[in-house]
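The values are calculated or read from the model by the stated rules, or taken from the named source; none is laboratory data. Note that the coordinates shown come from a computational prediction; the quantities given were computed from them, not determined experimentally. Cβ: placed from backbone, ideal geometry, glycine included. Neighbour counts: every protein chain shown.
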Amino acid sequence: MSSDRTASASMIAIADCRPKGRGVVALRAFREGELIERAHIVLIPHAQLEHLEKTILSYYAFSWGPELNDGAIATGLGCFYNHSFQPNADYIKRMEETIIDFVAIRDIAASEEITVNYNGLPHDDTPLWFDRHRWGWFHPDGRRDDVHGP
């Protein structure tokens, strides 16, 4: 059996992070470069995305695959990290292993909210879909916009 260990639930938790809603908080301090969580994903093939986009789950999906035209739902707390343009963590998609690693990019204090930049790069300040006239991965008429999203 491989030792593919996921970060213990005693290290992170979901909390009310108003005004954003639920988010992930540190229950202990993390050092820069430390693995916070290894989240396995549920792969959603491109052909099935039309069904996902009609549900609230589309807000929690990551783009996935070689051309980023599939979707993925991160397990564990992986889909609850909130966005920040000044994140304290980054996520690394490991496509071959079907996992997403969440890693501290600076020291994080216990009880601090752990955030990532939904653009995929910690310092990318491109406006996000929820900063505009709509919320979510998809247009109200169901068209998918592939230029954004985690």
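Among all residues of region 1-8, there is none that is among the basic types (Lys, Arg), out of contact with any Gly (no Cβ under 8 Å at 6 or more places or on another chain) and at pLDDT 95 or above. If you check Arg38, Arg28 for being of a type in the set (Lys, Arg), within 21 Å of Gly120 (Cβ to Cβ) and at pLDDT 95 or above, only one passes: Arg38. For region 101-130, the tally of residues that are surrounded by fewer than 16 Cβ atoms within 10 Å (Cβ to Cβ) and touching a Leu at 6+ places or on another chain (Cβ under 8 Å) stands at 2.
With respect to being under 12 Å from the mean Cα position of the chain (by Cα) and among the aromatic types (Phe, Trp, Tyr), Phe80 fits the description.
Out of the residues in region 76-129 meeting the condition of being within 20 Å of Ser58 (Cβ to Cβ) and of a type in the set (Gly, Ala, Ser), tell me which one is modelled with the lowest pLDDT. Restricting to residues being within 20 Å of Ser58 (Cβ to Cβ) and of a type in the set (Gly, Ala, Ser), the top hit is Gly120.
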